[in-house]
Amino acid sequence: MQEDNMNTVNQKLNEISSKMEKAQIAEYIQLVKNPRRMLFINFISGLARGLGLAIGFFVLGAVMVWMLGRLAVWNIPIVGDYITEIVKIVMEQL
C-alpha cells in the first residue's frame, strides 16, 4: 500500500516538474533576480511599441491624405471644397 502511494506521489511530482519546465518558471525567477536585465528588456519592448505606433500613425495618415485627395478629384459639392483646402494645407506642410 505504501509503495502504491509513493508511486502516486512520484507521478504527481513528475507532472508538476514538467508543468514548471513548460511554464519556464526558472527563467522568470532569474529575470526577476536581475533588475538590470528586466529594465533592459522593458526598455527595448517600449522602444518597439513606440516605433510601431509611429509607423502605424504615419501609414494611417498617409492613407487618409490619399483618400482625401481622391475625394477632392470627384468634385463633390461643398465637401470637395473643404477637402481641397485640407489637402492643400497638408501639402504645404510637407
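Nothing in this text is a laboratory measurement; each read-out follows from the coordinates by a stated rule. All figures in this text were calculated on a predicted structure; none of them were measured in a lab. When we count neighbours, we look across all protein chains shown, and the Cβ atoms used for this are built from the backbone with ideal geometry, even at glycine.
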In the set VAL59, VAL90, VAL63, the lone residue that is of a type in the set (A, V, I, L, M), surrounded by 10 or more Cβ atoms within 10 Å (Cβ to Cβ), assigned to a helix (DSSP H, G or I) and in contact (Cβ under 8 Å) with a residue 24 or more places away in the chain is VAL90
Of residues in segment 33-43 being part of a helix (DSSP H, G or I) and surrounded by 10 or more Cβ atoms within 10 Å (Cβ to Cβ), the one farthest from the chain's Cα centre (by Cα) | ARG37
